[in-house]
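Everything below concerns the one structure shown next.
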Amino acid sequence: MSALAKLAARGRAVNWIALFEAARFVYKHGKQRWENLTPAERSRLGELIRKSKGRRSNLTERERNQMWEIVKKATWS
């Protein structure tokens with residue numbers, strides 16, 4: 001079986017409807033949370049995420065606390 005045929009077979013095995021519904025859920029709820037923040041908070045959150053590169057240890061304690069406060073506001077507003 002060629003590599004292209006294997007790739008096509010895997011694509012048919014994906015439950016595309018479930019994937020679509022999951023993506024729609026994440027988009028809808030993520031958008032609502034994002035809109036709970038001011039433009040300045042959105043910008044700052046982006047800066048912190050880029051600086052962290054996915055690792056908490058790349059942020060200072062103050063930056064981690066600031067990030068947590070922004071995320072809490074987005075989630076519970």
* Would you mind getting me the FRET efficiency between Ser52 and Lys6? Use the beta-carbon distance for r and R0 = 35 Å, nearest 0.05. => 0.45
* Ranked from highest to lowest mean number of other Cβ atoms within 10 Å per residue, what is the order of the peptides 22-32, 62-72? -> 62-72, 22-32
* Asked: Using Cα pairs under 8 angstrom and six or more residues apart, how large is the relative contact order of region 3-76, in percent?
  -> 34 percent
* For region 3-76: lysine pairs with Cα atoms under 19 Å, gap of 8 or more or different chains, count? -> 4
* In nm, to one decimal, how far is the modelled label at Val26 from the one at Arg64, with both set 7 Å along Cα→Cβ? -> 2.6 nm
* Dipole size in debye (nearest 20) for the chain around its Cα centre, Lys and Arg Cβ +1, Asp and Glu Cβ -1? -> 220 debye
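Read-outs: derived from the displayed coordinates by stated rules, not from any lab. This structure is a prediction, so every number in the text was calculated from the model and none was measured. Neighbour counts run over all protein chains shown; Cβ positions are idealised from the backbone, glycine included.
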